[in-house]
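Some notes on the structure that comes next.
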Amino acid sequence: MTRKTKFMRRVEEQYQQPLEVLLPKKITEQGLTLTAKELGVGKATLGYWMLKLGVSTIRVVLSPGDSLVVTRLDREVPDEGPAH
């Protein structure tokens, strides 16, 4: 289990979902810079959170006519219990 800071837990409470779920959604939708700004952290802090939580990004460059399919493997996000 990854230990989270008080601020990380506060963000989870605000968005009512774990950062392991929230960050990939937000970063995919709006990118690193806007996600960091929306969460009230710097890009370096967001990068640290991603590293700490095992959230990774991959850049893929496609040629015209190419496509990409992403498949999510079913996995459970560990429950950290009630925030203190």
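Values in this text are rule-based calculations from the coordinates and carry no lab data. Being a predicted model, the structure only gives us computed values, none of them experimental. Using ideal geometry, Cβ is built from the backbone for each residue, glycine included, and neighbour counts are taken over all protein chains shown.
Brief remarks on what is shown
- Ranked Ser56, Ser63, criterion: other C-beta atoms within 10 Å, fewest first: Ser63, Ser56
- Here is how the number arises for the chain: DSSP H runs of 4 or more residues each give -39500 (n - 2.57), the sum is divided by the residue count, and the result at 222 nm is -16000 deg cm²/dmol.
- Among residues other than Leu23 with Cβ under 13 Å from its Cβ, the summed charge is +1 (Lys and Arg +1, Asp and Glu -1).
- Note on region 1-73: Rg/Rh from C-alpha atoms, Kirkwood Rh, equals 1.02.
- Segment Glu29-Arg3, length gained on full extension (0.36 nm per residue, minus Cα span): 6.8 nm
- Calculated FRET value between Lys37 and Ile58, using beta carbons and R₀ = 25 Å, to 0.05: 0.65
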